[in-house]
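Step one of this worksheet: look at the structure below.
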Amino acid sequence: MIILGIETSCDETSAAVIESSGDRVKLLSNIISSSLPMHGKTGGIIPENAAREQIKFIIPVVEKALSDAKIQVENINAIALTYGPGLIGSLLVGVETAKTLAYVLDKPIIPINHMIGHIYANFIDKNSEPRTKNQEPRTEIQFPAIALVVSGGHTDLLLMEKHGDFKLLGGTRDDAAGEAFDKIGRLLGLSYPGGPEIEKAAIDGNPKSFRFPRPLIGSADFDFSFSGLKTAVLRETQSIGKLDKQTVNDLSYATQDAIVDVITKKTMKAALKYNAKSLLISGGVSANQSLCDRFKVLCAQLSVKFFAPQKSLCTDNAAMIASAAYFNYKPAPLEKITADPELYF
Ligand code: KG4
Ligand code: ZN
């Protein structure tokens, strides 16, 4: 089955083509045009600007995804799209483009929750080699699995019993992990988005310099809270005054360490409670190497198989949306598909 995926929930305009059969999803193309550099100048995303960029790029991006995949548009079997959550102006561009294509080409269309999409980045084949005829089915990911979505908008822990069967165990009560990285990055004078910048700065940070609180780390539930961490960093920066480079590195280390500590402790607690065979992490923050390294060690101790998407599929992309559509193949009537910015699990 050949699926064209379309993702426009925020500041990335993305289209991808996958070829799937059995348990395997092979990526034929994945084009991402990001308006991120533009938002760097304003220190965050202005929704109106993001939507305008989506309109500019959606058609060229879809065309490039098809041509890179060497697929004629009439040969795709289905169209998958993100219908929420996200910014309404951005979402509408992808939703209307996908519906128009589906109508004109008379193809099935599958609406996908962006957050579920992130999880399905883990089901895309890592090697880009052409699939051989007798290749074994992909059996590495076993259920029950714990799925962790850590992005700019979400920190959610889910129990996944099988494809499409998700139970929300907990989520953030205030700022998401990525949002905390971004806001703290701004406090430290780093550029937007803060996550990758803090990761880079933390490499040269002294682990003994600062220690920030780990909110909710010992609570009985699976919820997260990161706004207190932001306040703690704010107080520290106010008491220091002008920040030199080494202090920024040290504060970055302490920030990352606190976030990684809370996320990994709570996630492994869930893995233990639900006898998870696999852990699937996803979302922009799952690109963080310290987070992955810590998870690898903890999962090995509990004999849980650890999965993280390849780096380029951690942040927003259309390949994950197409992958989610393949494993949850539920075409919907065109008139039922509308953008839903507040969509949750
Ligand atoms: O999944 P994503 O691309 O968009 C949303 O759906 O929100 O995630 C973006 C978030 C940003 O907050 C960014 O700072 C964070 O992911 N991020 C990282 C890293 N790369 C991206 N956070 C920590 N370490 C990274 N390497
Ligand atoms: Zn996302």
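Which net charge results when you count Lys and Arg as +1 and Asp and Glu as -1 among the other residues whose beta-carbon is under 13 Å from that of S282?
-1
In Å², what does the accessible area per residue of the chain work out to with a 1.4 Å probe?
That works out to 44 Å² for each residue.
What's the percent breakdown of Cα-Cα distances in the chain across 20 Å bins, shortest bin first?
Using 20 Å bins, I get a P(r) of 32, 56, 12, 0 for the chain.
Based on alpha-carbon atoms only, what is the radius of gyration of segment 29-175 relative to the globular estimate 2.2 N^0.38 Å?
Dividing the Cα Rg of segment 29-175 by 2.2 N^0.38 Å gives 1.20.
Which value, in Å³ per residue, describes the convex hull spanned by the Cα atoms of segment 115-250?
Per residue, the Cα convex hull of segment 115-250 comes to 155 Å³.
Would you kindly calculate the translational diffusion coefficient of segment 164-220, applying Stokes-Einstein with the Kirkwood radius from alpha carbon pairs, for 37 °C and a viscosity of 0.692 mPa s, and quote it in µm² s⁻¹ without decimals?
242
Going from most exposed to least, what order do L216, L229 have by accessible area with a 1.4 Å probe?
L216, L229
Using only helices, what value at 222 nm comes out for the chain when you add -39,500 (n - 2.57) per DSSP H run of length 4 or more and divide by the total residues, to the nearest 500 deg cm²/dmol?
-13000 deg cm²/dmol
Need the full-extension length gain, D174 to I141, defined as separation in residues times 0.36 nm minus the C-alpha distance. One decimal, nm.
Stretched fully, the D174-I141 segment lengthens by 8.8 nm.
Accessible area of S239, 1.4 Å probe, to the nearest 10 Å²?
90
For K107, K56, what's the largest-to-smallest order of accessible area, 1.4 Å probe?
Solvent-accessible surface, decreasing: K56, K107.
Taking 23 Å as the cut-off for C-alpha to C-alpha distance, list the pairs among K26/K200; K64/K330; K56/K99 that go past it.
Pairs exceeding the cut-off: K26/K200; K64/K330.
Would you kindly state how much longer the chain becomes between S239 and D68 on full extension, computed as 0.36 nm times their sequence separation minus their alpha carbon distance, in nm to one decimal?
Value of the extension gain: 56.3 nm.
Among residues other than S227 whose Cβ falls under 12 Å from its Cβ, what is the net charge (Lys/Arg +1, Asp/Glu -1)?
Cβ neighbours under 12 Å give a net charge of 0.
Using a cut-off of 15 Å between beta-carbons, work out the net charge of the residues near K56 (Lys and Arg +1, Asp and Glu -1, K56 not included).
Net charge in that neighbourhood comes out at -4.
Based on the Cα atoms of segment 9-81, what semi-axes does the equivalent ellipsoid have, where each is the square root of 5 times one gyration tensor eigenvalue, given in whole Å with the largest first?
So the three semi-axes of segment 9-81 are 28, 13, 10 Å.
Taking a probe of 1.4 angstrom, what is the accessible area of D174 in Å², to the nearest 10?
About 60 Å², ignoring ligands and nucleic acids.
Using only the alpha-carbon atoms, how far is helix 47-69 inclined from the longest principal axis of the chain? Give it as 0 to 90 degrees, nearest 10.
Long axis of 47-69 versus the principal axis of the chain: about 50 degrees.
Give me the percent of accessible area attributable to carbon and sulfur for the chain, probe 1.4 angstrom.
With neighbouring chains kept in place, the figure for the chain is 54 percent.
What ³J(HN,Hα) values, in whole Hz, does the Karplus curve 6.51 cos²θ - 1.76 cosθ + 1.60 give for segment 99-112 when θ = phi - 60°, with x put for Gly and Pro?
Residue by residue, segment 99-112 yields 5, 5, 4, 4, 5, 5, 8, 6, 10, x, 10, 10, x, 10 Hz.
The values are calculated or read from the model by the stated rules, or taken from the named source; none is laboratory data. Nothing here was measured: the structure is a model prediction, and the numbers come from that model. Counting neighbours? That spans all protein chains shown, and the Cβs are built from the backbone with ideal geometry, glycine included. Accessible surface is based on the protein model in full, side chains and every heavy atom, while ligands, DNA and RNA are left aside. Shrake-Rupley method; radii C 1.70, N 1.55, O 1.52, S 1.80 Å.
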